[in-house]
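Notes for the one structure printed next.
We did not get these values from a lab; they are worked out from the coordinates using the rules stated. Given the structure is predicted, the values throughout are model-derived calculations rather than measurements. Positions of Cβ are generated from backbone atoms using ideal geometry, with glycine treated the same way; all protein chains shown enter the neighbour counts.
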Amino acid sequence: MPSEYDAIVIGGGHNGLVTAAYLAKAGKKTLLLERRHILGGASVTEEIYPGFKFTIYSYVVSLFRPEIIRDLDLTRHGLMILPLESTLTPLPDGDYLYRGADHYETYRNIARFSQRDADIYEDYSRMMYFMAKAVKYVLGIVPPDPTSLNPAELNGLLGMARHFLGLERDQFYTLVRLMTMSSADFLSRWFESEPLLGTLSASGIIGTFMGPRSPGTAYVLLHHYMGEIDGVFRAWGFSKGGTGGIAEALASSARALGVEIRTQAPVAQVIVKDGRAVGVALESGEELHARVVVSSLDPNQTFLKLIDPGILPDEISASIRKFVYRGSSGKVNLALDAAPDLACLPGAGAHLRGAISISPSIDYIERAYDDAKYGNLPRHPYIDAIIPSMIDPGMAPPGKHVMSCFVQYAPYHLREGNWDEKREAFGDIVVNTLAEFIPNLKDIILHRQVLTPLDIERNTGLSEGNIFQGELSLSQLFFLRPAPGVAKYKTPVGNYYQCGSAVHPGGGITGAPGKLAAQVILKDW
Amino acid sequence: MPIPTPFYPRTSVLCESHEWRDWSGYLAASLYEHLHDREYYAIRNAAALIDVSPLFKYEARGPDALRFVNRVITRDLSRCAMGQVMYSPWCDDAGKVIDDGTVARLAEDHFRITAADPNLAWFQDCAFGLDVDVRDVSSHLAALAFQGPSSRQILQRVLSGVDLEKLKYYHLAAAQAGAIPLTVSRTGYTGDLGYELWIAPEYAISVWDMLIEHGTGYGIAPAGMLALDIARIEAGLIMIQIDYISTRHALIPDQKSSPFEVGLGWAVDLDKGNFVGRKALLAEKSSGSKWMLVGVEVDWTSLEAQYARYNLTPRVAGRASRAAVPIYKGSRQVGQMTSHTFSPLLKKYIGLGTVERQYAGIGDRASVEVTVEYTRQKADARLVKTPFYNPPRKRA
């Protein structure tokens with residue numbers, strides 16, 4: 001039977017869209033299937049409350065590969081990344097730490113807590129630049145397997161070895177520390193003041209079920225620093241229209257390149273014949289055929305639900321079943337009748353256009369983790385809040401605002417009760433915590449959307465609500481992501497590929513897994 | 001936003017150009033009037049007030065203060081008498097320059113260091129195991145450079161408790177302006193007769209007012225960064241991040257420089273005992289440095305000829321340039337001129353250059369890139385000793 005399509009991509013998250021667009025750009029007749037009515041996966045903007053646009057799940061971008069913007073002409077398709085250039089850490093005693101794009105203003109702010117920290121802050125930033133520069137190379141390659149004796153693999157390893165041995169000695173040692181240490185220990189080699197340590201260490205735990213004192217979190221710190229390179233010094237940005245704006249631009253570009261996109265088209269299974277994928281069956285019963293099938297979903301779905309796991313080699317099936325998700329974060333989205341007024345910095349100001357980080361110390365975050373570790377709601381959670389309408393006025397009616405609050409920790413597995421019962425209690429904890437620093441908050445809330453890890457799982461399909469499609473721990477990175485033997489975008493099933501955040505280089509709105517997958521698929525063609 | 005210095009209430013009113021720059025997070029006037037000429041000539045012919053408060057200042061105090069400065073600084077501070085000031089670079093372990101500044105000995109066990117960049121963490125780390133307290137006093141001291149041939153006469157009318165005739169070059173003394181205590185040092189960044197005043201911030205404006213009051217008859221004028229930049233190039237004084245890159249800012253190893261390569265070999269004392277970077281500097285001393293700092297004097301006739309090709313006369317007067325241009329030996333690029341300016345006094349186009357050592361012979365001919373009518377040309381130049389301008393009154 002002739003195939004209707006060259007390629008079918010399952011899942012319209014940003015990586016699925018990237019893969020589909022690149023395949024179409026290479027002349028392949030491509031179909032993208034999305035379960036929901038809206039594209040984007042976890043990169044969606046929805047008007048939950050009339051007139052207010054919520055960047056529902058993901059809310060900031062730093063790592064989106066600039067070459068994808070160029071290759072897919074995304075600017076013409078509406079993509080605009082607006083600068084998000086400051087971080088404010090309000091403190092329980094009424095003080096605050098503010099870090100922004102003004103180098104010396106940041107210097108003076110840090111110096112209020114520690115002159116030493118202020119002095120060394122630039123050295124730290126430069127060191128992280130070196131580290132990001134060193135690791136950036138790895139993000140752009142298909143991970144070679146060090147256990148393989150295949151010449152192509154050895155060549156890849158050799159290239160990598162050459163790259164790392166080319167580092168300055170100090171940089172190499174620092175890289176090893178970064179790969180092995182906890183973010184708390186790593187940062188304590190530099191800094192001494194709690195608000196700075198707390199806020200910087202938070203970058204090491206985002207999306208993971210680890211505390212700042214867990215080894216391995218220093219790498220996550222770096223993962224979030226990667227946006228600093230490529231000549232773009234504003235590490236973090238906010239996509240116009242929310243992260244749904246990225247999905248829309250990608251979809252528009254994909255369509256222009258010839259991708260056929262079908263929403264509300266949930267895939268029931270991948271049709272496998274003689275060990276090769278030949279198409280998909282939709283939940284509606286409809287069957288579609290293609291030469292290649294690509295899944296952008298997480299390994300739980302790609303390997304264990306969409307195909308009969310029985311056809312997988314035992315070893316791989318076992319590894320995939322042991323792949324760790326452990327969703328750790330929740331989200332509270334607020335529609336506000338007026339601008340939030342901070343106790344530490346009352347009134348309007350640049351600080352409202354940046355992140356507001358509830359991270360007064362490492363202990364504060366670690367205690368939140370302690371609660372969550374045993375399945376409890378954190379009494380005092382780490383919160384990373386932004387006010388998108390301050391950055392992009394189109395997100396809310398004039399004078400009104402939306403506020404996006406990323407919360408850790410929200411353990412997927414609760415010790416007592418379930419998330420449907422605890423959802424509003426969780427929302428209350430978040431609002432109460434924020435209200436300590438934003439006294440007018442409770443009076444201006446028009447609408448509140450609380451998303452638990454269970455909600456994230458139900459809505460987006462991300463297992464256990466893990467925002468990275470699986471923990472970003474060193475044991476699940478590179479040639480181990482998602483498992484040895486299936487880390488190169490392929491699967492044991494012929495013509496069946498993976499392109500989501502569960503493959504190298506992992507989660508975040510990077511587009512990198514999607515682009516690398518397309519490269520591998522086209523090379524195999 | 002950059003913040004005001006203690007002199008801002010006065011400088012802000014005088015700064016008619018409204019052109020400010022960000023100097024270490026402080027507002028620094030680029031120039032006060034429409035043109036910087038009068039400010040430049042105040043430095044060279046009268047007396048100029050230059051707000052240098054944004055400098056970073058550190059104090060080291062304690063029984064091991066001398067051991068500390070001698071561990072950090074490349075010069076031998078045991079030779080620094082009480083009340084003496086020494087200019088010096090300091091290096092990392094690899095002997096590459098971190099920063100340069102002055103070290104003043106305020107007392108037997110008390111030193112003050114000025115720096116262009118924040119250095120507290122480095123200094124404190126270097127003080128490990130020593131009985132010395134190192135702290136940042138940057139915001140505790142307003143600093144005012146008072147430079148020019150008339151500066152002494154004016155200061156004599158303002159200061160008491162100090163014999164300025166006897167205050168030698170690179171020395172300091174305590175003094176009073178009226179009832180205000182301050183420190184006066186015979187130092188500066190202009191290569192002219194001049195002083196720097198170190199004042200508690202709350203007295204800064206009073207001292208400024210006294211200087212203006214007594215200096216008006218002498219042609220006193222505030223001077224901004226543009227005038228200072230021309231003066232310091234004439235004086236052959238290097239600037240961090242312009243004429244060399246601090247090892248802390250370097251993005252690749254090749255961007256780093258040793259003191260020998262930035263013209264500060266004279267300030268490295270390899271015989272004083274161990275100090276940070278000594279081993280590497282000893283090795284470089286014997287193997288030879290890659291680069292040398294030289295003065296570059298552009299041949300005016302050749303410059304004129306390049307402009308004449310387009311029926312123009314040389315258009316080089318005005319502000320100093322910090323955009324580096326290549327220095328050539330024949331067709332080979334052998335270095336770069338990192339700061340360059342037309343000297344209003346010498347009527348020459350001059351610059352500070354970093355040149356590969358084998359091509360850096362004083363008196364050697366070279367050429368530098370000049371852009372005429374959007375086209376890149378080469379003008380003949382000669383490598384010369386600095387300073388370009390060195391009046392006897394500088395040390396008098």
Over all residues in B:136-144, what is the mean tally of Cβ atoms on other chains that come within 10 Å of each residue's Cβ? 1
Qualifying trypsin sites (Lys or Arg not before Pro) in the stretch A:234-266, DSSP loop, other Cβ atoms within 10 Å at most 16: A:234
Hey, can you grab everything whose amide H is under 5 Å from the amide H of residue B:87? Only 5+ residues off in sequence or another chain; H modelled, so Pro and N-termini drop out. B:103
Aspartates and glutamates within cross-link reach of residue A:490: Cα-Cα under 19 Å, excluding same-chain residues under 8 positions apart? A:6, A:145, A:153, A:274, A:298, A:308, A:314, A:315, A:524
Exceeding 27 Å between C-alpha atoms, which entries from my cross-link table qualify? They are A:373/A:422; A:133/B:256; A:240/A:488; B:347/B:394. A:240/A:488
Before anything else, pin down the relative contact order of chain A: Cα pairs under 8 Å, at least 6 apart, normalised by residue count, whole percent. 24 percent
Grab the other residues whose beta carbon is less than 12 angstrom from that of residue A:422, score K and R as +1, D and E as -1, and report the net. -4
Here the stretch A:73-86 yields Karplus 3J(HN,Hα) values (6.51, -1.76, 1.60; θ = phi - 60°; whole Hz; Gly and Pro given as x) of 6, 5, 5, 4, 8, x, 6, 9, 9, 8, x, 10, 10, 9
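How much mean residue ellipticity at 222 nm does chain B get from its helices, if each DSSP H run of length 4 or more adds -39500 (n - 2.57) and you divide by all residues, to the nearest 500 deg cm²/dmol?
-5500 deg cm²/dmol
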Can you find, among B:289, B:313, B:300, the residue farthest towards the positive end of the dipole of the stretch B:270-318? Put +1 on the C-beta of Lys and Arg, -1 on that of Asp and Glu. B:289
Quick shape check on the stretch B:291-393: root eigenvalues a ≥ b ≥ c of the Cα gyration tensor, a/c under 1.5 is rounded, otherwise prolate if a/b tops b/c, else oblate, and it reads oblate
Between beta-carbons, use under 13 Å as the cut-off and find the net charge around residue B:305, counting Lys and Arg +1, Asp and Glu -1. -1
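Taking the highest mean first, how do the peptides A:203-210, B:159-166, A:441-448 order by number of other beta carbon atoms within 10 angstrom per residue?
In decreasing order of mean packing, A:203-210, B:159-166, A:441-448 become A:203-210, A:441-448, B:159-166.
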Give the aspartates and glutamates whose C-alpha is closer than 19 Å to that of residue B:378, dropping any in the same chain fewer than 8 places away, or say none. B:297, B:299, B:304, B:356, B:364, B:369
Chymotrypsin sites (Phe, Trp or Tyr not before Pro) in the stretch B:357-396 lying in a DSSP loop, each with at most 16 other Cβ atoms within 10 Å of its Cβ, come to B:374
Rank B:375, B:354, B:301 by mean-square fluctuation in a GNM of chain B with C-alpha springs under 10 angstrom and give only the top-ranked residue. B:375
Restricting to Cα pairs under 8 Å and 6 or more apart, the percent relative contact order of chain B works out to 17 percent
Give the shape of chain B as rounded, prolate or oblate, defined through the alpha-carbon gyration tensor: a ≥ b ≥ c are the square roots of its eigenvalues, a/c under 1.5 means rounded, and otherwise the shape is prolate if a/b is larger than b/c and oblate if not. oblate
I'd like the mean, over residues of A:117-125, of how many other protein chain beta carbons sit within 10 Å of each residue's own Cβ. 4
Per residue of the stretch B:128-144, what does 6.51 cos²θ - 1.76 cosθ + 1.60 with θ = phi - 60° give for ³J(HN,Hα)? Whole Hz please, x for Gly and Pro, Karplus curve as stated. 4, x, 9, 8, 8, 9, 10, 9, 8, 10, 3, 7, 8, 9, 7, 10, 10
Residue among B:68, B:128, B:342 with the largest mean-square fluctuation in a Gaussian network model of chain B, springs linking Cα atoms under 10 Å: B:128
Provide a whole-number value for the mean count of partner chain Cβ atoms within 10 Å of the Cβ atoms in peptide B:113-120. 3
Would you calculate, for chain A, the mean residue ellipticity at 222 nm contributed by helices, counting each DSSP H stretch of 4 or more residues as -39,500 (n - 2.57) and dividing by all residues, to the nearest 500? -10500 deg cm²/dmol
Charge tally for neighbours of residue B:176 with beta carbon under 14 Å away, counting Lys, Arg as +1 and Asp, Glu as -1, is 0
First check a/c for the stretch A:78-176, with a ≥ b ≥ c the square roots of the eigenvalues of its C-alpha gyration tensor; if it is under 1.5, answer rounded, and if not, answer prolate when a/b is larger than b/c or oblate otherwise. prolate
GNM on chain B, Cα springs under 10 Å; top mean-square fluctuation among B:213, B:356, B:373 goes to B:373
Amide H neighbours of residue B:194 under 5 Å, counting only residues 5+ apart in sequence or on other chains, H built in-plane at 1.01 Å? B:148
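Take every DSSP beta bridge with both residues inside chain A and express the antiparallel ones as a percent of the total, to the nearest 5.
Just about 70 percent of them are antiparallel.
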Which whole-number percentage describes the relative contact order of the stretch B:291-393, with Cα contacts under 8 Å and a sequence gap of 6 or more? 36 percent
Filter the trypsin sites (Lys or Arg not before Pro) in the stretch B:242-349 down to the DSSP loop ones having no more than 13 other Cβ atoms within 10 Å, then list what survives. B:309, B:315, B:347
Rounded to whole Å, give me the distance from the Cα center of the stretch A:25-47 to that of the stretch B:111-145. 57 Å
In whole Hz and in residue order, list the ³J(HN,Hα) couplings for the stretch B:310-316 that follow from phi through the Karplus curve 6.51 cos²θ - 1.76 cosθ + 1.60, θ = phi - 60°; x for Gly and Pro. 10, 6, 10, 9, x, 10, 10
Under 5 Å, built H, 5+ apart or other chain: amide partners of residue A:327: A:412, A:466
